[in-house]
Amino acid sequence: MLMLIFNSVTYAGNATHAEQATPETRVRDFYAWFIPRLTSDRDYPVMDKEIYRHVAKATVDFLRKQYRANKLSEDAEYFTKVQDFDEKDWAAHIAIHPAIMLDGVALVAVTFGSKDKQTNIVFLRQENGIWKITKVVDTLDYR
């Protein structure tokens with residue numbers, strides 16, 4: 001009986017990694033998953049069902065619809081905001097900046113690369129207690 005009580009208390013208090021993750025760790029985990037898939041010969045990562053672990057359902061569904069209709073921008077990839085990049089440099093040099101909280105939305109700046117740096121702002125909201133990416137914007141001026 002004592003063992004049964006101990007096990008239920010242990011499991012009840014043991015949340016998964018995703019549930020415990022901060023917005024910053026969720027952004028790092030996403031790009032660690034996304035960048036290698038983007039540069040491999042696999043299908044476009046937005047079409048991979050695993051993307052739902054990192055990105056809000058509404059965002060994935062919208063991007064998939066745009067992709068199928070061939071309406072995603074050809075100038076830059078949505079999550080990186082660039083067309084080409086050095087995969088090894090970006091994978092080795094990802095700087096995640098502290099989150100800024102605004103009414104339940106986390107804004108996390110992420111800087112890629114050591115040479116041609118690219119900084120994006122990643123927006124996250126909690127979905128069922130897990131931080132999920134809802135939007136990504138770059139920090140470049142409008143041209």
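The values are calculated or read from the model by the stated rules, or taken from the named source; none is laboratory data. These numbers were taken from a predicted model, which means no experiment stands behind them. So basically every Cβ, Gly included, is an ideal-geometry build from the backbone, and we count neighbours across all protein chains shown.
Figures for the structure shown
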quantity: Single residue of the range 40-76 satisfying the filter (among the polar types (S, T, N, Q) and not in a helix (DSSP H, G or I)) that is nearest to residue 27 (Cα to Cα); calculated: 40
quantity: Residue check, residue 95 over 16 Å from residue 46 (Cβ atoms) and either assigned to a loop (DSSP other than H, G, I, E, B) or free of Cβ contacts under 8 Å to residues at least 40 places away in the same chain (or both); calculated: yes
quantity: Failed condition for residue 82, given (1) part of a loop (DSSP other than H, G, I, E, B); (2) of a type in the set (A, V, I, L, M); (3) modelled with pLDDT under 85; calculated: (3)
quantity: Qualifying residue in the range 27-35 (condition: in a strand (DSSP E or B) and at pLDDT 95 or above); calculated: no
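Okay, residues lined up against (1) aliphatic (A, V, I, L, M); (2) closer than 21 Å to residue 22 by Cβ; (3) more than 14 Å from the chain's Cα centre (by Cα):
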site: 35; (1), (2), (3): yes, yes, no
site: 44; (1), (2), (3): no, no, yes
site: 90; (1), (2), (3): no, no, yes
site: 103; (1), (2), (3): no, yes, yes
site: 107; (1), (2), (3): yes, yes, no
site: 120; (1), (2), (3): no, yes, no
site: 125; (1), (2), (3): no, yes, no
site: 129; (1), (2), (3): no, yes, yes
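Let's see how each residue does on (1) over 10 Å from residue 56 (Cα atoms); (2) surrounded by fewer than 17 Cβ atoms within 10 Å (Cβ to Cβ); (3) touching a residue at least 60 places away in the same chain (Cβ under 8 Å):
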site: 101; (1), (2), (3): yes, yes, no
site: 104; (1), (2), (3): yes, yes, no
site: 110; (1), (2), (3): yes, no, yes
site: 115; (1), (2), (3): yes, yes, no
site: 119; (1), (2), (3): yes, yes, no
site: 130; (1), (2), (3): no, no, yes
site: 133; (1), (2), (3): no, no, yes
site: 136; (1), (2), (3): yes, no, no
